[in-house]
Amino acid sequence: MEKVYHGIPVSPGIVWGEALVYDPGVINIPRFKIKNPKEEYKRVQSAIDITKEELVLLYKKTLENFGKKQAGIFDVHLMLLEDETIFVELKRRIYEELLNAESILYDIAQRYAKDIKLTGNAFIEERTADIIDVIDRIIRNLLEQKRPDLDNIKKPCILLSLDLPPSETARLHPDKIRAIVLERGSTTSHVAILARSLKIPTIVGVANLFNSYTGIIKGAAVDSISGTLYINPSSDTIIKLRQKKIQLSRRLHQYEKRIISYPSQTQDGRRISVLANIELPNEVDDNVKHLSAGVGLYRTEYLFLNKHTPPTEEEQYNEYLYVAKTLNPLPVTLRTIDIGGDKLASYTNFIKEQNPQLGCRAVRFCLAHKDFFKTQLRAMLRAATNGNIKIMFPMISSVDELRDVKKIMEEVKEDLSQQKVSFNKNPEIGTMIEIPSAVLISEELARECDFFSIGTNDLLQYSLAVDRNNENIAHLYEPAHPAILRMLKMTVLSAKNANIPCSICGEMASDPLFTEFLIGLGLNSLSMSSVSIPQIRALITKINYAEASEFSERLLKCSSSKEVRSMLNERIRTKYKNIISIA
Ligand code: PEP
Ligand code: MG
């Protein structure tokens, strides 16, 4: 019998075939009294040594197959093995309670797992997941029970799992993993971002999946355009999916052919720049080079995660330079680090916050850690002597804050001049508009910078008071909310009055439902994940700017999200069905 599950599509594609239920968890942990604590601790130490060897080997293998970034996770795990806190507690309890080591380690891991649930912070969740991951390896070595290795997968398969431990996520290989379906995770989770970079079709947040299956499932199908998983798909489903896949690849092919040969403009000749959002430098592949008008958002914080020390100025400089040179003369917008909130690095002495999304994040973090910030700005300003680099600040909430970051940038320029280091004295400086206060003072902000980029992901979170990572209230995370549409309008108008360009780089830019509205508002630059570019560019060629402006005005008069959605759906049905019916 065919069974259908729904989740959040995070990386598009359609595949079917055999699925493997990946279960890295340890199920039977023996609990017994020991007689000789000294011997027991010796046993732990040898398991730790084996774990170390295992991690060093994994580091080397991952470095060889995937590169330095992905291998970095094993550096973090090796560092955790050096962390005294866990082992001091372990040793004390072995001696005091005369309990076997694996049961104590299991207790510690359980406690971490419980604590992270209480924080509700996606990044602390990830850091803690690293600790649990390492403890799991030690326990397995104590029990001489190796974790099933994703490297040992012989036949390409669809991977189903509750979640993926960070160290496994780092080694996902598109040749072996045809698709991923997870019970946990969110659009912005680490696994989702990597899956998108690796172009592995992925669905996350599929409820009640993992406990229902084990081992190999002979028949499964994933449609990660609509976010549907089929177990034992019927022949009708496979026929439908095959048609959809053929249609999709034909259409993508057409789009690509068409968009390479046509300029990105509306029917009545308004040029629209479609730019790419990237997280890692190696994402500037042919797709980005040929299909986009450059990089509208480079989330540089990904260079800082999964490491036990921050990247040096030289490392950063080389990464930025590589992207700028590869895309030259296309523009590359480097966003200064947006760390904090749900993205934290272990080396930043992060303090637990009650509301991390409202806490020391992005420029707030940078203003509190000036040396850290200055190192990044030095690397950016130096790299900006090549190619076409712009620099953008995230989470600006006031004019004072923008002035403060600009002042630090001037200090950095002064240092570089004194040291006779060559750098770009005048790169374009942009402000991300992603906090409601920034929208309300966008007139003033526009006078103090060279461009705006609207971050709708955060703008939604902060305007609607809906945590962007909380799946329980995901239904309230509504881009079609009239308040959001009106804030976009306000921002675009402020930019226009100040005569500066305004772009949009949140997920809303890649949703075809909103393309006409955004263009009608006057936005002529949209930045999105590279997989979305062909479809959006094809859609743009069908839009008439004059009609879009009139449509946007009508949409802005709606008083509820339902009305907005119904107008948008109707518009798609009547005008753009061919382009986006595929979803
Ligand atoms: C946004 O908030 O819309 C954005 C583009 O930034 P990020 O998703 O990295 O917070
Ligand atoms: Mg943001």
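The values are calculated or read from the model by the stated rules, or taken from the named source; none is laboratory data. Predicted model, so just to flag it, every value in this text is computed and none were measured. Backbone-built Cβ (ideal geometry, glycine too); neighbour counts: all protein chains shown. Quick note on the areas: whole protein, heavy atoms, side chains included, nothing else; ligands and nucleic acids left out. Shrake-Rupley method; radii C 1.70, N 1.55, O 1.52, S 1.80 Å.
A few remarks follow.
- Only one of the numbered conditions (1) part of a helix (DSSP H, G or I); (2) open to solvent by 10 Å² or more (accessible area, probe 1.4 Å); (3) within 17 Å of residue 333 (Cβ to Cβ) is violated by residue 386, and that is (1).
- The residue that is least open to solvent (accessible area, probe 1.4 Å), among those in the stretch 164-187 that are touching a strand residue (DSSP E or B) at 6+ places or on another chain (Cβ under 6 Å) and modelled with pLDDT under 90, is 185.
- Every condition in (1) outside the structural domain of residue 192 (by TED's automatic domain parsing); (2) of a type outside the set (Gly, Ala, Ser); (3) surrounded by 16 or more Cβ atoms within 10 Å (Cβ to Cβ) holds for residue 49 except the one numbered (3).
- For the stretch 57-83, the set of residues classified as in contact (Cβ under 8 Å) with a residue 40 or more places away in the chain, part of a helix (DSSP H, G or I) and under 22 Å from the mean Cα position of the chain (by Cα) consists of 62, 65, 66, 69, 70, 71, 72, 73, 74, 75, 76, 77, listed by residue number.
- Scanning the stretch 466-499 for residues that are within 16 Å of ligand 1 (Cβ to nearest atom), open to solvent by 40 Å² or more (accessible area, probe 1.4 Å) and at pLDDT below 95 yields 467, 468, 470, 474, 477.
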